[in-house]
Amino acid sequence: MENKSKYFKMVEEFLKREFIKQTSEDLNLKVKIKKILFLNIGLLLMAVAIALSIRCNMGTSPMSAFAYVLSLVTPFNVGTILIFFNLFFVICEVLIAKSEFKKIQYFQVILSFVFGYFTNFTMKLTENIIPTTQLDKWILCIASCFIMALGIVFEVKAKTLLLPDDGILIVVSQKLEKGFGEIKVVFDVICVILAAIISYIQLGCINAIGIGTVVSAACVGYIVKFYKKMLQKAVEAYSSEEVENIKNKSKTTLKDAKDKITKP
C-alpha cells in the first residue's frame with residue numbers, strides 16, 4: 001500500500017512537471033502568433049496610411065515624401081524604393097552597431113520586403129481614389145493620420161522588430177548619445193529637403209510636401225497616445241483570457257490523466 005502511494009505521488013509530480021512544460025509551450029506559441037499577427041497588421045495599416053496620404057495630394061510624411069518623389073522621377077514604384085531605403089538602413093545599422101547588432105535584427109530585411117509589398121499593394125488598391133474637393137482631401141489626410149497611428153500602435157505592441165528606418169535612428173541616437181526625438185527631427189528635415197530639391201529640379205514644382213506633411217508630423221504622435229490608452233485594457237483583457245483558457249485546458253488534461261492512472 002505504501003509503495004502504491006509513493007508510485008501515485010511520483011506520477012502526480014511527473015504530471016505536474018508536464019503540465020507546467022505544456023502550459024509554457026502553449027503560452028509561447030500563442031504569444032509568438034500574436035506578435036507576428038500584430039506586426040503584420042501594423043505594417044499593413046501603415047502602408048494604407050502612406051497610400052491615402054499620397055492620394056490626398058496635400059503632402060505625406062517626410063520619409064514617404066522622399067520615396068514618392070523618387071518614384072515620380074525613376075522607373076521604380078514607392079514600395080520598391082522603400083525596400084531599397086530600408087535595406088540600406090539595415091546595412092548602416094550593421095556598420096554602426098558592429099558587434100552590438102543582434103542577430104535577430106537581420107529579420108528587418110524580411111520586414112523591409114513585406115512592408116514594400118504592402119505599400120505597392122495599397123497604392124494599387126487606392127489608385128482610383130481621386131479627391132475632387134478640398135473637403136475630400138482633408139478627409140483622406142486625417143484618415144491617413146489615424147490609420148498611421150493605429151499601425152504604429154500595433155507595430156510597437158508586437159514587441160518584436162521595428163522597421164529599419166526607425167531602427168537606424170535608434171542605433172544612431174545610442175551611438176551619439178542623443179535623444180531619439182532629436183535624431184528623428186534631423187532625419188525628417190533631411191528627407192523633406194531632399195524631396196523638395198529633387199522634386200523642384202526634376203518636376204519643376206514641389207511635390208509630396210505640403211500641409212499634410214505638417215499635420216502628419218504634428219498629430220500622429222498624439223493619436224498614438226490616444227490609441228494606446230484605448231487599446232491597453234482591451235489587449236490586457238484578451239491576453240489574460242487566453243492565459244486562463246490555456247491553464248484551464250491544461251488542468252483538465254492533468255485531471256483526466258490522473259483519473260486514468262488511479263482507475264483499477
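The values are calculated or read from the model by the stated rules, or taken from the named source; none is laboratory data. The model shown is predicted, which means the values in this text are computed figures rather than measured ones. Ideal geometry is used to build each Cβ from the backbone, glycine not excepted, and the neighbour counts take in all protein chains shown. For the accessible areas, the whole protein counts, side chains as well, though only heavy atoms, and no ligand, DNA or RNA atoms are used. Shrake-Rupley method; radii C 1.70, N 1.55, O 1.52, S 1.80 Å.
Residue pairs, Cβ under 9 Å, 6 or more apart or interchain, first in segment 131-144 and among the aliphatic types (A, V, I, L, M), second open to solvent by 90 Å² or more (accessible area, probe 1.4 Å) and not in a helix (DSSP H, G or I). List them.
That search, which allows pairs on different chains as well, returns L140/N57.
Taking segment 116-130, which residues are under 22 Å from G210 (Cα atoms), touching a helix residue (DSSP H, G or I) at 6+ places or on another chain (Cβ under 7 Å) and surrounded by fewer than 22 Cβ atoms within 10 Å (Cβ to Cβ)?
Within segment 116-130, M123, T126, I129 qualify.
For segment 74-91, state whether one or more residues are modelled with pLDDT under 90 and not in a helix (DSSP H, G or I).
Scanning segment 74-91, I find no residue that is modelled with pLDDT under 90 and not in a helix (DSSP H, G or I), so the answer is no.
Go through (1) open to solvent by 40 Å² or more (accessible area, probe 1.4 Å); (2) within 19 Å of F76 (Cα to Cα); (3) polar (S, T, N, Q) and name the single condition T133 misses.
Single failed check for T133: (2).
Counting only residues that are modelled with pLDDT of 90 or more and of a type in the set (V, I, T), which one in segment 26-59 is farthest from the chain's Cα centre (by Cα)?
I54
Report the residue count in segment 150-165 for those that are farther than 14 Å from K34 by Cβ and open to solvent by 40 Å² or more (accessible area, probe 1.4 Å).
3
Could you grab me the full set of residues in segment 174-193 that are under 19 Å from S61 (Cβ atoms) and surrounded by 12 or more Cβ atoms within 10 Å (Cβ to Cβ)?
Answer for segment 174-193, where residues must be under 19 Å from S61 (Cβ atoms) and surrounded by 12 or more Cβ atoms within 10 Å (Cβ to Cβ): F180, E182, I183, K184, V185, V186, F187, D188, I190, C191, V192, I193.
Considering only residues that are open to solvent by less than 40 Å² (accessible area, probe 1.4 Å) and in contact (Cβ under 8 Å) with a residue 60 or more places away in the chain, which ones fall in segment 61-84?
Result: S61, P62, M63, S64, A65, F66, V69, L70.
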